Every structure is written in structure tokens, then in C-alpha cells.
Amino acid sequence: MRTPPSQIISEDRPPGTPRPRGTSALASRGIPLGALLLTLLLAPLALPPLSPLLPLPFGASSVRAQELLSPPDSPPAAEKEAETEDVFTARVLPIFREHCFKCHSHESGKSKGGLLLDSGAAVLVGADSGPIVLTGKPPGESPLLRVLRSTDPEVQMPPKGERLPEESLRTIEAWIASGAPIASLPTPASASPPGSAQIPLGPVKRSSSKITEADRQWWAFVPVRSQMVPEPAFESTPPHPVDRFLDARLAREGLTPAPEASRAALLRRVTFALTGLPPSLAELRAFLEDSSPEAFEHVVDRLLSSPRYGERMDRVWMDLARYADSDGYRIDDYRPTAWRYRDYLIQAFNSNKPYDRFVQEQLAGDELFPEDPQALTATGFLQMGIYEYNNRDARGQWETMLNDLTDTTADVFLGLGLQCARCHDHKFDPLLQRDYYA
């Protein structure tokens, strides 16, 4: 069972005990439910995510994901690129050229097993079976090194002829042990394997109805691990760990932080983010006149204590839960008590309900907490799908409702588009059709 967010983001308080209302994330060691949703809401607008609390860009290869999550010891960008060119281009690529290009290059017109080794993008993509290099593990566990060292005629690469010299194998092993860095290499002019328009830098298309070891190593399905917080990359780097990760990434890319926002702009941003409303003139004047180091923290505390905060975050969750005041379809009959679920959400955010309890109440509140009226109301999440009261195909409508509930639950709580597996194995994610109906 995967670790719930309530355990990943921990506080010094017993499970199920809410943090006092109005205490911001800046004033405690935890992150409130609303702040978690706010992070997800604003993540697409932010810099490439680096903190372990932030999702990585969907479609990043497992090699790239590990690179993003590893706190770097950042040399200047130009130095790092030169090092990478020296290792991969000068040492590893010539080995591939001599022993592998016959079956895995654009030059030969072949990409056996869906694998190409003549460009940086192709090496990152890997083969039909998944990534060929697994960083963060002993080099011998990477599929690339396993097949090169294997003596099994059914597995070994190259399949015929002389084996790779031990010196070449050690070179590849050292490259993998260093994190398998690959510089930005130009993809060959004919950069497309037979039958394909272009080499994507992302997940590999599934070729068999099974979950592979490479699937299990995909960054989204491995346990969350604590990361070493990088040292400040700039003199202006704030002390917060998230800022350390962000600035470390900026340094790796040869970028510098943007200038600090004005106090008026900062107040406007945080007020819109937490309440959906602009600050009043009185609030702006009070913030500008407050010269204490805790001035911004006081603003966040005030906004989290406002009833408007729950109303703002409630709208985010209602979109996820497909909330509506009517049934949908042609009749679109009115739902006179739907507002109870809406008010439950507002109260949950304003009371800073623990996330684990928040999820349990919506998925099985009637079973887990039958004596709690709020938990019963929370199961409105299960009833927010479209419905047609006079539909003659009762069986068909029941199937539609079950599919909607299954797909929505996966979207909201797992971040997975499970509905693809209803008709076929998912083309990229490890989601099989037989598992969908299991």
C-alpha cells in the first residue's frame, strides 16, 4: 500500500489531531491540506519542480526523474556539460558505435527491441521494455549492463560474434555508476526509428500485456525517500528547504533567481491564491506599515483563518469531484441536497481536517465512521456523477456510474488516467485491462 500524503508530510501531532485553525505552514512544521492543494494548483505555473513534495513533469524518463530529485553538487553549467560530453561522447558512444549500431541505429535503419543508441534522446528513452539504465541502483542491475555481460544465448548482446571487451564493460559500468549523464546530443537527421516520426523524450510505449521491472522503477511508483537539502546556491537563497532546491536547479541550468517581488505584489499574490479575492486597501496599508520579520507570516495566518479560504479551496476540490447541483444529461434534474457536500468541503478546509481522514470520509465514511454525520455527508463524493432518473437501460446506467466512480477516484487520489485501461492496456502507464476488471 502506498504511503498516504498525510504520512509523507508529517507534523509533531498525533494522527487524526487537527492543527489549530489559523496556523500557517510557515508557523508550524506541517503543511495543511489547503497548502497541499495549493501546491498542486500552482505547480504548472512554477519553475521545474524540485522538492520531493512537488510532482515531476509527466513524461520525464526515470533517468531524468532521478536526476531531478538528486540534490546536485552543482558545478557551473558549462563545466558540467563539458564533463558529460567527455564521458558519454568520448568513451561510451564509441563503444555503442563499434558493437551496437548494426542493430540499434538510424544509420543501419534498425531499432531492434525499440532501442536506438546513436543519440542522447534515444538512450534516455530506452527500449520497448523500458529504460535501459536505472540510476540509484548498483550498475549491474541496469538492463543495459545485464545483457552485455550475460552468457545466455537468449539474452546476451550482441547476440552473435565477439563479446565486448572487459575494459569497455568497465567503462559503461563506471558511466552508469556516475548517474549515466548524457549531454545534449544532436539527434541524427533521420532521427526516427522505422515506422516512427520522431524519438520522444518520455515514457516508452508498452509492447506486452505485463508489468515489467522497468515499470516498477518508474519514479511515481517507488517509495518517497528523504533528500539531502542542497547548500545555498546564491547569496540571496532563502533558508527554506524548498527555496534551496529551486535555487540549486537554477544554478544547474546557469540561471539566476528573479528579483524579489515588491511587498504589494506579494500581498496580492498570496491573497488571490488563498481566498480568490484581491486584498483591500486597508489590508495593503497594514502590511506595508508592518516592518516586523513576521509580517508575511501574519498575513498567511490571517488568510488561512478567513472563511474565504475554505470557500476558495473548496472550488478546487469540487472540480476534482465533478460537483454539480443537477444530474446532467437532457433532463438535468435538480439535486436539492448537493450543497451539503459543498459545505462539508468548506468546513474541512477551514478546520484543517487531516488529509488521511478527509480521504477516508469521502471514500467510505458510512462504513468507517457510521455515527459521524459529517462522514456520511462526505460520501457525497461517490454520488456526484451524472445520472438520468428515467433512463430505461438501468443496467447500462449502472455500468456508467461504476466506470465514472472508478475513473474519478483514480484521477483524484492516484493521479492516474485509469479509464484508458477500460478498453485496452494503457499504452504507457503500467495499467492493464485485465487488472481494471479484476
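Taking segment 210-268 as the range and being in a helix (DSSP H, G or I), in contact (Cβ under 8 Å) with a residue 40 or more places away in the chain and either of a type in the set (D, E, K, R) or over 30 Å from residue 133 (Cα atoms) (or both) as the test, the residues that pass are 213, 215, 216, 249, 252. Within segment 291-315, being within 15 Å of residue 264 (Cβ to Cβ), surrounded by 14 or more Cβ atoms within 10 Å (Cβ to Cβ) and not aliphatic (A, V, I, L, M) holds for one residue alone: 296.
Cβ separations smaller than 8 Å between residues 6+ apart or across chains give the following pairs from segment 361-388 residues that are among the small types (Gly, Ala, Ser) to residues that are outside any helix (DSSP H, G or I): 365/372; 375/369; 380/338; 385/322. All told, residue 406 meets the bar of being at pLDDT below 95 and of a type in the set (Val, Ile, Thr). Could you check segment 239-271 and list, in sequence order, the residues that are in contact with a Lys or Arg (Cβ under 8 Å, 6 or more places away or on another chain) and under 28 Å from residue 226 (Cα atoms)? Scanning segment 239-271 gives a single hit, 252. Out of all the residues in segment 97-138, which are buried (at least 17 other Cβ atoms within 10 Å of the Cβ), part of a loop (DSSP other than H, G, I, E, B) and hydroxyl-bearing (Ser, Thr, Tyr)? Selection gives 119, 129, 135. Considering 421, 348, 410, the condition of being assigned to a helix (DSSP H, G or I), in contact (Cβ under 8 Å) with a residue 12 or more places away in the chain, closer than 26 Å to residue 325 by Cα and out of contact with any Ser or Thr (no Cβ under 6 Å at 6 or more places or on another chain) is satisfied by 348 alone. Can we say residue 428 is outside any helix (DSSP H, G or I), crowded, with 16+ Cβ neighbours inside 10 Å and not polar (S, T, N, Q)? For residue 428, the condition - outside any helix (DSSP H, G or I), crowded, with 16+ Cβ neighbours inside 10 Å and not polar (S, T, N, Q) - is met. Among the residues of segment 320-328, is any assigned to a helix (DSSP H, G or I) and either under 22 Å from residue 412 (Cβ atoms) or in contact with a strand residue (DSSP E or B) (Cβ under 8 Å, 6 or more places away or on another chain) (or both)? Yes, segment 320-328 contains a residue that is assigned to a helix (DSSP H, G or I) and either under 22 Å from residue 412 (Cβ atoms) or in contact with a strand residue (DSSP E or B) (Cβ under 8 Å, 6 or more places away or on another chain) (or both). Among residues belonging to segment 301-342 that are of a type in the set (D, E, K, R) and closer than 16 Å to residue 382 by Cα, point out the one that is farthest from the chain's Cα centre (by Cα). If we take residues in segment 301-342 being of a type in the set (D, E, K, R) and closer than 16 Å to residue 382 by Cα, then 335 is farthest from the chain's Cα centre (by Cα).
From the list 212, 237, 256, 187, which one is hydroxyl-bearing (Ser, Thr, Tyr) and at pLDDT 90 or above?
Exactly one residue qualifies, and that residue is 256.
Those residues that are more than 19 Å from residue 321 (Cβ to Cβ) and outside any loop (DSSP other than H, G, I, E, B), I need them from segment 374-402; list them, please. Hits for segment 374-402 are 394, 395, 396, 397, 398, 399. Would you check if there is a residue in segment 139-149 being modelled with pLDDT of 80 or more, assigned to a loop (DSSP other than H, G, I, E, B) and over 20 Å from residue 160 (Cα atoms)? Yes: segment 139-149 contains one or more residues that are modelled with pLDDT of 80 or more, assigned to a loop (DSSP other than H, G, I, E, B) and over 20 Å from residue 160 (Cα atoms). Residues that are in contact with a strand residue (DSSP E or B) (Cβ under 9 Å, 6 or more places away or on another chain), aromatic (Phe, Trp, Tyr) and closer than 30 Å to residue 127 by Cα: does segment 221-230 have at least one? No: zero hits. Given the structure, is residue 335 closer than 19 Å to residue 405 by Cα, basic (Lys, Arg), touching a strand residue (DSSP E or B) at 6+ places or on another chain (Cβ under 8 Å) and surrounded by 15 or more Cβ atoms within 10 Å (Cβ to Cβ)? For residue 335, the condition - closer than 19 Å to residue 405 by Cα, basic (Lys, Arg), touching a strand residue (DSSP E or B) at 6+ places or on another chain (Cβ under 8 Å) and surrounded by 15 or more Cβ atoms within 10 Å (Cβ to Cβ) - is met. Filter segment 269-290 down to the residues that are of a type outside the set (A, V, I, L, M) and outside any helix (DSSP H, G or I), then identify the one that is surrounded by the most Cβ atoms within 10 Å (Cβ to Cβ). In this case the residue turns out to be 279. In segment 329-345, of all residues being in a loop (DSSP other than H, G, I, E, B) and among the hydroxyl-bearing types (Ser, Thr, Tyr), the one that is modelled with the lowest pLDDT corresponds to 329.
For segment 350-380, give me the residue count where each residue is of a type in the set (A, V, I, L, M, F, W, C) and over 23 Å from the mean Cα position of the chain (by Cα).
6
For segment 220-243, a tally of residues being surrounded by 12 or more Cβ atoms within 10 Å (Cβ to Cβ) and farther than 30 Å from residue 286 by Cα returns 11.
The values are calculated or read from the model by the stated rules, or taken from the named source; none is laboratory data. The structure presented is a predicted model; accordingly, all values stated were derived computationally and were not measured. Reconstructed Cβ throughout: ideal geometry from the backbone, glycine too, with neighbour counts over all protein chains shown.
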